[in-house]
Amino acid sequence: MTPLGAVLAAALAGLATLVPSGDPSWPAVLGLGLLGGVLVLDDTALAQTWFSQPLPAAVLAGAVLGDPLSGLALGLPIQLIMAGNLPVGQTFTGDPTSAVVASVGAAVLSGRSLSPALAADTRLPVALIGWLVVAVGLASMSGHLLVQAERRAHNLWMREGHRTLRDGRLQRVEAIHLRCLATTFLRGFAVTVVVLLVLRRVWLPLFGDLPTFVHGVLTMVPLLLPGLGLGNLAERYGLRTGWAWLAGGAALSFGFARYVL
């Protein structure tokens, strides 16, 4: 078994310890896992429809659970962060797709309905979005380790395809390709389910125990992201105004959190 396969097997084996037997949400959890696996395939392996981008992925995850607005509330700020990390004919950093599907699922299945930051009438819902944005970032970067392991496994497997140049067996290359696609799907499925359960059992319950000061800081997180997204785009296209957008976004988010909410 490859190291990637061992990690995936260990992750799936640990699911039983995270969810009590008889939990009625199991079908929804598995459904979101399947959605995460399919959307991860869409990142670079298959059609690249961009439904795997954070905003549509989050809305789809919310729609599966009957709450697309919660998906919009979390997916929009994450999409702004990812504005400079679009996989257009290139590799990308992190695993935001699995992370955002898992985060929306954890919030909705925990009974926490989200509203877009600017539509909220108090600080607490915005702070919860900020808490989930932090979770998506941590889960995405942790998932990047699996993405790298998967790429190394794919590279090793495709070296086997070189033998086809000698014996002409195209079936070998097709089988390797299907193996790579299956591994990508399983990685997306496993990461989505494991992250969802960890967020639901550990991360979200911690939110209520955070100090008021931390809630205030988290309130500014989703409001900072428009400036961050514009700054990312400016830097990506070689402009030198990126830091100005970041500073402006920070000032606006602080003012909105301090004087409006």
Within segment 87-95, is there a residue that is under 19 Å from ALA182 (Cα atoms), at pLDDT 85 or above, within 16 Å of the chain's Cα centre (by Cα) and crowded, with 16+ Cβ neighbours inside 10 Å? yes
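Take the residues in segment 109-128 that are under 17 Å from LEU210 (Cα atoms) and assigned to a loop (DSSP other than H, G, I, E, B); name whichever of them is modelled with the highest pLDDT. Steps first, please.
Taking segment 109-128 first, the residues under 17 Å from LEU210 (Cα atoms) are 112, 122-128.
This time we only want the ones that are assigned to a loop (DSSP other than H, G, I, E, B), so: 112, 122.
Working: ARG112: 88, THR122: 54.
Per the criteria, the residue is ARG112.
Being touching a Gly at 6+ places or on another chain (Cβ under 9 Å) and surrounded by fewer than 23 Cβ atoms within 10 Å (Cβ to Cβ) is the filter; apply it to segment 202-219 and report the residue that is nearest to ALA28 (Cα to Cα).
Going through the qualifying residues, I end up with HIS215.
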Among the helices (runs of 4 or more DSSP H) lying completely within segment 159-246, list those that include at least 1 residues that are more than 23 Å from PRO54 (Cα to Cα), at pLDDT 85 or above and among the hydroxyl-bearing types (Ser, Thr, Tyr). 212-236
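Any chance you could count how many residues in segment 185-201 are closer than 16 Å to ILE129 by Cα and either among the charged types (D, E, K, R) or surrounded by fewer than 23 Cβ atoms within 10 Å (Cβ to Cβ) (or both)? Before the answer, list the steps.
Start the filter on segment 185-201 by keeping residues that are closer than 16 Å to ILE129 by Cα, which leaves 196, 199-200.
Still in the list and also either among the charged types (D, E, K, R) or surrounded by fewer than 23 Cβ atoms within 10 Å (Cβ to Cβ) (or both): 200.
Here the count works out to 1.
The values are calculated or read from the model by the stated rules, or taken from the named source; none is laboratory data. In this text the structure is predicted, and so the values were computed from the model without any measurement. Every residue, glycine as well, gets a Cβ built from its backbone with ideal geometry; the counts of neighbours run over all protein chains shown.
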